[in-house]
Structures are given as structure tokens and as C-alpha cells.
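One structure below.
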Amino acid sequence: MQQTPTAPDAGATAPDPARRFERVGEPILSIRGLKTHFTMDEGVVRAVDGVSFDLHAGEVVGVVGESGCGKSITMKSVLRLVQKPGRIVAGEIIYRRPASGKHKALEVDLAKLPEAGRRIRQIRGGDIALIPQEPMASFSPLHSIGSQIVEAILLHQDVSKREAKEIAIEKLREVGMPSPEQRFDAYSWQLSGGLRQRAIIAMALSCNPAILVADEPTTAIDVTTQAQVLELLKQLQREHGSSIVFITHDLGVIAQLADHVVVMYLGRVMEQGPVHDIFHRPRHPYTRALLQSVPSLHAEPRIQLPTVAGSIPHPLQRPTGCPFHPRCPDAMPGRCDVAMPALYAAPGGSPVACFLHHDHEEADDG
Amino acid sequence: MHWFILKRLLVVPFMLFIFSIISFVLIQAPPGDFLTSYIAELTQGGSSVDQAQIDALRQTYGLDRPMVEQYFTWIGRMLQGDLGVSLEWNRANSELIGERLLLTLLLTTFSLLFTWAVAIPIGIISATRKYSLVDYVFTVLNYIGLATPNFLLALVLMWIAFDRFGLSVTGLFSPEFAQAPWSWARVADLMSHIWLPMIVLGVAGTAQIARVVRANLLDELGKPYSEMARAKGLPEWKLVLKYPTRVAIAPVVSTLGWYFPQLLSGGVVVSVVMSLPTIGPLLLRALVGQDMYLAGVIILLFSVLTVIGTLVSDILLAVLDPRIRMDGA
Ligand SMILES: Nc1ncnc2c1ncn2[C@@H]1O[C@H](COP(=O)(O)OP(=O)(O)OP(=O)(O)O)[C@@H](O)[C@H]1O
Ligand SMILES: [Mg+2]
């Protein structure tokens, strides 16, 4: 099957046409112009350099991009977990918590909160929970998984130790942990990779967070287990209507899970939109290149998989203008290497940062 | 856990047996025995040597028998609680060692506690405030602490105490208590003297351990489980103490067993300089005078302490780390 840039073959990785998410009302999380830089002796690494996107209640936003493009740092910025020498230098992270049984409605700019303060600590784990990138090492090996889940529960819920233990066991059961009562006392190194990942998910779910941030939760486990964990996440999302930011560099996973896709490159959002648009009508050359590199069931088995041409520039040597122009098949000399296209949405369309589609330049490049 | 401890305990007699052989061979190693040096001394002094008396001594101590037999006689007596008699002092070894051993143990324990109590917090503060002013200050202090020989530190502190405050801080007791029987007043006097040698003996170890804790903790703080604990909403100090510190201090705990022998050999000069009634100088003298049974007993006692120290550190490590605990089960 021939693949062309204009009509990428989405094949088996195409999203389920039946799934449609209608965005209504105000987003639960709005990231606007977020910049997180690492100031080092060698120079400034602009790990996140002007990222904007929204997450609505009940929606799954997939953040995709090659390794090192700033996906994790974006979400660590949201949780305010960026460690020195990293720092949020600009932007807003508006979190809007709807009023629920125990909480009042809340609207807060997380970027402005003191990093170690009480308010952000209540939001971490309680409102926004993380399913980390390295599930293998994310439990302390010296403490039982049960005690670590109970700790999270006691931090955010007004319950006794015994009730916390019951909740923890209940969550372990919910994520499909076999014999959760016994596994409660197990140490992470006694569990297989898949079970460990389930335990991590149970911990993230333990305080019924409004937002789940799943940072490549399946990259470190084998393929069969990956499929099971993804199935679990899908099922949990359906049952709870969770709002999830799902980070991955695997477009196949995006197709399965996401309602809305954010494509990142070198700390910037290149394009974003509903999953069907991204897969069937990709506009940014980078998105197209990514889609071409996805294996498809219909493709002939032995053909060489095209990858995105060229390599990712060193973080300290950012190209001028559009960061993708040195690798871009459609780069316009004198335009793309000079000015940075803004992430601009034409009326009725979704935002894309490319001069092929509009003439808006990024105003501030500081 | 019980199995773990039991297994460790079962190894103890075996280790002690090995150590006792090594101690015995070591003290026998130099040419001649106590009696040859004793006779040489007496003849030099012009006294006549009573051959009958010497033969009697040889027989009592079994010095004329083969080595293996000597060893078993010696160890057999030890097992019955008879530590033998010092040839040089002509007093029971137990009497010579008794209080010195107690004071040595006390001093060692104090300096160990001092070391840990100071080094671990410094390590934690340095690691959590990496490259801050406090961290740099501690780093400089650590280098100074590591580079200063402890007897020199002893001399400097003694001089300062004497010059500034008119205090004589040698020994572990004031003169009036040195030979007195134990009483609360004597304990109080001991406490008012013990802190200086405690610091002197502990400084180098403190600097070393602070560096180890800092380096380990920096490693652990970067690990995903530390970040995960932060992502749960745990306050920073609580998180640091509960998770990464527990991993970071394991190597420190594992050095517990070496602490006694290290202080025994390293502390001899300090003990001499500060006239501390500890066991180090006694061992030195016993070795010089070929007072082999006294030396043997002291070396063996320290082997026992080392074995106990290792056992305690193993148990502590098992308490800290379930992987060690379960491995032994
Ligand atoms: N502690 C740090 N110091 C300096 N630079 C850093 C640090 N952490 C991250 N970065 C920079 O931030 C950039 C983005 O990193 P990030 O972890 O967000 O990438 P990612 O998109 O999550 O990649 P991956 O798919 O490999 O997880 C990287 O290029 C890296 O150079
Ligand atoms: Mg990442």
C-alpha cells in the first residue's frame, strides 16, 4: 500500500469512528503559553517553550511527540514537580475544579502557586494524579505497596487508617489485581511488571482525582501486558468518565484512547485537534511524518517502516524560525527558517503552527 | 525475620572459632615467647634467674608444649571464663581489662552516636540544599575534618581548653575519681570528660559519613519513587526522611561492625595523647612486651565485638530493607 504525505494510511491505527467527544463548557485544565526552561552552565534548555492546550471534563487528551520534545516536563510543570535548574518562566496553568460533594468549586493558576506550598500539595495526588513513566521504580522498594497507597489516601481523605486500607484494597481489586488482600502487603519487587503497573494505577485512582496524567504508562512493559493495561485504562475511563492527559510517542495508543491530540516538537505544540482530524486530515508536515512512521496492519510485513527524516536537534542548538524546518519536506526557505509560526486556528478549524496554513507569526520569542 | 536472625546467630560461633585461631597465631608469630624476654630482662638487670621458677612458669602456661595443644589449653580456659593471667603485670587479665573495656565500649558507643547524630543530618541538609551556601560550608568543614589527624585535633582542643578556660581535659576522670569505686558522682564526672574524646574520635568518621549520605541521598532523590511520593502530595521533608533517606543510610549502617576495631587501632594515639584509660594503650604495651595471653585476650574480645557489631548491623539492615529480610527467610 502506497503511503503519501497528503493521504496517510491510518489503517489499523485509525481511531474508532464511533467515538466522538463534544467539547462543551469551560475546560477543567487550560495550559496557556507555558514555558519551562532549564538554566544550565552550557545554556538555557527550553524544554517547554510556549505550550497551550485544554483538557475538558471526561476527555482524553493525547500528547504525542518524539522523545525529548517536552511531554513529561509539560505535565510535571502542571503538577509543579519540575526540579531545579528547571523553572516555569511564563504561562498559565488554570485548573478549574467543579463543585463536588466534598469540595467547593475552585479556579486556580497552578503556575503561580508556591512549589512546596500546601495548596499545590493538596492538588497533587488529590485533584491531579500521576501515573508515572517508570512504573518499575515508582514504588519505594522498602515499603509495601499497600502502605504507599494508604499514605496517599490519608493525605487527601478524611478517613481512618482502617478505612484507608479498605479503600486501597478496593482500588487494587478494581484495577484487576488478583487477591488484593494479600497483595496489599507485597513489595513492588515481588510483583510482575503488569501487576506493578496496576498497583500504580490503583494508587493514582485512590483519591478519585479529577485529572489523571498518564506519562507513557506502557512503554516499560512487554507488549501483551501493554495491551492489558491499555484495556484497563480504557475501561476505567469509560466507567468513571475520567479526564486524562495521556502522554505517549505511540500514535497507535493515541488512536485507541484519545479524543483530542496535541502534537509536540521541541517544546512547542505543532498542531492539535480532534483525534479524527489528526489521523485523517493532518495538516502539519510533522504530524504527517509521525503518522507515516506508524506500522499499519494493512502494510506489507517486510517493508521498511519510514521514520521521520533527520534527527532531533540538540536541545541547546535550536534551529531558528520553525524548529522543524531542517527536517521538513515542505519548508519554505526565507520564511520557515526566519520566523516562528504561531499556533493559530482559522475560524472553525483547529490550531496549527505552520506557514503552509496561515501567515501568523509568533509575536514574542523571548 | 526470626529465621534471618537465627541464621546469622548460627554463624557466630564458627566465626569466633576462626578469629580465635587467627588471634592465637598472630600473638605467637613474633620469635621467642614472654619468658625469653622476661629472662633477658632479668639477666640484664643483674638478677639471677631461678631456673626452677622459669620451668614452673613454662609448665603452667604450657609454653613447652606444641602450638596446637597450647591453643586448645588456652581456648578451653577462655571458654570456662578464665581469661588467664598477664605475665607482665602478674595480675588476672580480667582485672586488667575490666574497667578499660567498659570505658572503651562507652567511648566508642558515644563517638558512634555522635558521628551518626551529626553526620546524617548534615548529609541530608547538604543533599536537599545542593550547591547552596550551607552545602558549601559543610563541604569545606568535611574536608577539614577528614584531613585533620585526630591526635592533632586532640592536642589543639586540649590546648584551647587549657589556654582559654584553664581546664585540664585529659583522661576520662578528674584525679579524685580516677581510682574511686563506681558511684553516681563518678558517672557524672565521666560524662563531663567523655565528650571531648568523643568528638575527637568521631570527627573524621562524621565527615566521611556525611559525604556518603549526601552522595547516596542525591542519587535516591532523583529516583522515580521520590518523585512519585512528591506527586502524591507528601510534604518535602516528610518524603525525604521516609523514602530516600532510608535507602541512603544503609551503607552507613553496614559499617557498624568495623567501628570497634577501627577505633581500637585508630584511637591508640589519641588515647596516649589524652591519657585515656582505654584498652588501646594496654594492647600496645602487651604486644611490645610479648605479654601474649593479655594481647590474645584483648584481640579476641575485639573480634567478639566486631562479630556482635556486624550482627547488629545486619539486623538493622534487615529492618531497613525488606529485600534483605526476605532473602534470609
Ligand atoms: N533536569 C534537566 N536538566 C536539563 N534539561 C532537562 C532536564 N530534564 C529534562 N530536560 C530537557 O527537557 C527536554 C524535554 O524532556 P522531557 O522529559 O519532557 O521529554 P519527553 O517528551 O517526555 O521525552 P520521552 O518521550 O523520552 O519521555 C529534554 O530535551 C531535556 O533535554
Ligand atoms: Mg517523558
### So A:SER296, is it crowded, with 16+ Cβ neighbours inside 10 Å, modelled with pLDDT under 90 and within 28 Å of A:GLY252 (Cα to Cα)
yes
## Note on the structure
B:LEU264 passes all but one of the listed conditions (1) in a helix (DSSP H, G or I); (2) out of contact with any Gly (no Cβ under 6 Å at 6 or more places or on another chain); (3) hydrophobic (A, V, I, L, M, F, W, C); the exception is number (2)
### Task
May I ask you to list the residues in region A:66-98 that are within 16 Å of ligand 2 (Cβ to nearest atom), away from every other protein chain (no Cβ under 12 Å) and surrounded by 14 or more Cβ atoms within 10 Å (Cβ to Cβ)?
A:GLU66, A:GLY68, A:CYS69, A:GLY70, A:LYS71, A:ILE73, A:THR74, A:SER77, A:GLY86
### Query
Any idea which of A:ILE94, A:ILE88 is more than 8 Å from ligand 1 (Cβ to nearest atom), part of a strand (DSSP E or B) and within 17 Å of the chain's Cα centre (by Cα)?
A:ILE94
### Residues of region B:122-151 satisfying the condition of being within 12 Å of B:THR206 (Cβ to Cβ) and of a type in the set (A, V, I, L, M, F, W, C)
B:ILE122, B:PHE138, B:LEU141, B:ILE144, B:LEU146
## Note on the structure
Condition set open to solvent by less than 50 Å² (accessible area, probe 1.4 Å) and assigned to a helix (DSSP H, G or I), scope region A:128-143, selection nearest to the other protein chains (Cβ to nearest Cβ): answer is A:ALA137
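Select, from B:VAL247, B:VAL240, B:VAL269, the only residue that is within 14 Å of chain A (Cβ to nearest Cβ), touching a Pro at 6+ places or on another chain (Cβ under 9 Å) and of a type in the set (Val, Ile, Thr).
Details: B:VAL240 fails: touching a Pro at 6+ places or on another chain (Cβ under 9 Å); B:VAL269 fails: within 14 Å of chain A (Cβ to nearest Cβ).
Answer to the check: B:VAL247.
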### Query
Is one or more of the residues making up region A:99-119 within 10 Å of ligand 1 (Cβ to nearest atom), in a loop (DSSP other than H, G, I, E, B) and open to solvent by less than 20 Å² (accessible area, probe 1.4 Å)?
no
### Within region B:122-212, helices (runs of 4 or more DSSP H) holding 3 or more residues that are in contact (Cβ under 8 Å) with a residue 40 or more places away in the chain
B:133-147, B:150-165
### Message
Would you confirm, using the coordinates I've provided, whether A:GLU163 is open to solvent by 60 Å² or more (accessible area, probe 1.4 Å), modelled with pLDDT of 95 or more, more than 13 Å from chain B (Cβ to nearest Cβ) and in a helix (DSSP H, G or I)?
### Response
yes
### Query
Is one or more of the residues making up region A:198-218 open to solvent by 30 Å² or more (accessible area, probe 1.4 Å) and within 16 Å of ligand 1 (Cβ to nearest atom)?
no
### Qualifying residues in region B:273-283 (those that are closer than 19 Å to B:ILE299 by Cβ and of a type in the set (A, V, I, L, M)) - the one surrounded by the most Cβ atoms within 10 Å (Cβ to Cβ)
B:ILE279
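Please go through region A:173-190 and give me each residue that is within 13 Å of another protein chain (Cβ to nearest Cβ), open to solvent by 60 Å² or more (accessible area, probe 1.4 Å) and touching a residue at least 24 places away in the same chain (Cβ under 8 Å), ordered by number.
Correct list: A:ASP185, A:TRP189.
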### Query
Got at least one residue in region B:33-51 being under 21 Å from B:LEU300 (Cβ atoms), of a type in the set (Val, Ile, Thr), in a helix (DSSP H, G or I) and open to solvent by 70 Å² or more (accessible area, probe 1.4 Å)?
no
### Residue that is under 22 Å from B:LYS238 (Cα atoms), more than 8 Å from every other protein chain (Cβ to nearest Cβ) and in contact (Cβ under 8 Å) with a residue 24 or more places away in the chain, where the choices are A:GLY117, A:GLY146
A:GLY146
### Query
Considering region A:299-334 alone, what residues qualify as being modelled with pLDDT of 85 or more, out of contact with any helix residue (DSSP H, G or I) (no Cβ under 9 Å at 6 or more places or on another chain) and surrounded by 14 or more Cβ atoms within 10 Å (Cβ to Cβ)?
A:ARG318, A:GLY321, A:CYS322, A:PRO323, A:HIS325, A:PRO326
### Residue that is farthest from A:LYS71 (Cα to Cα) [pool: residues in region A:252-263 that are open to solvent by less than 10 Å² (accessible area, probe 1.4 Å) and more than 16 Å from ligand 2 (Cβ to nearest atom)]
A:ALA255
### Query
Could we say that B:LEU196 is open to solvent by 20 Å² or more (accessible area, probe 1.4 Å) and either at negative phi or within 14 Å of another protein chain (Cβ to nearest Cβ) (or both) here?
no
### Summary
Of the listed residues (B:ARG100, B:ARG77), the one being among the charged types (D, E, K, R), open to solvent by 60 Å² or more (accessible area, probe 1.4 Å) and within 20 Å of the chain's Cα centre (by Cα) is B:ARG100
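I need a count of the residues in region A:37-69 that are more than 8 Å from ligand 1 (Cβ to nearest atom) and more than 21 Å from A:VAL261 (Cβ to Cβ).
7
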### Query
Can you find a residue in region A:45-61 that is buried (at least 20 other Cβ atoms within 10 Å of the Cβ) and either in the same structural domain as A:HIS156 (by TED's automatic domain parsing) or within 13 Å of ligand 2 (Cβ to nearest atom) (or both)?
yes
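If I ask for residues that are farther than 18 Å from B:ILE209 by Cα and assigned to a helix (DSSP H, G or I), which ones from region B:236-261 would you list? Spell out how you get there, then give the answer.
Here is the first cut: in region B:236-261, the ones farther than 18 Å from B:ILE209 by Cα are B:236-239, B:242-243.
The answer is B:GLU236, B:TRP237, B:LYS238, B:LEU239, B:LYS242.
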### Query
Do we find that A:GLU170 is touching a residue at least 12 places away in the same chain (Cβ under 8 Å) and open to solvent by 60 Å² or more (accessible area, probe 1.4 Å) in this structure?
no
### Query
Applying the selection to region A:204-247, what residues are within 16 Å of ligand 2 (Cβ to nearest atom) and part of a loop (DSSP other than H, G, I, E, B)?
A:GLU216, A:PRO217, A:THR218, A:THR219, A:ALA220, A:ILE221
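Every residue in region A:221-257 that is within 16 Å of ligand 1 (Cβ to nearest atom) and modelled with pLDDT of 90 or more, please.
We begin by selecting, within region A:221-257, every residue within 16 Å of ligand 1 (Cβ to nearest atom); these are A:221, A:226, A:245-254.
Within region A:221-257, A:VAL245, A:PHE246, A:ILE247, A:THR248, A:ILE254 qualify.
The values are calculated or read from the model by the stated rules, or taken from the named source; none is laboratory data. Nothing here was measured: the structure is a model prediction, and the numbers come from that model. No Cβ is skipped: glycine too gets one built from the backbone with ideal geometry, and neighbour counts run over all protein chains shown. Remember, those area values only see protein heavy atoms, side chains included, never the ligands or the DNA or RNA. Shrake-Rupley method; radii C 1.70, N 1.55, O 1.52, S 1.80 Å.
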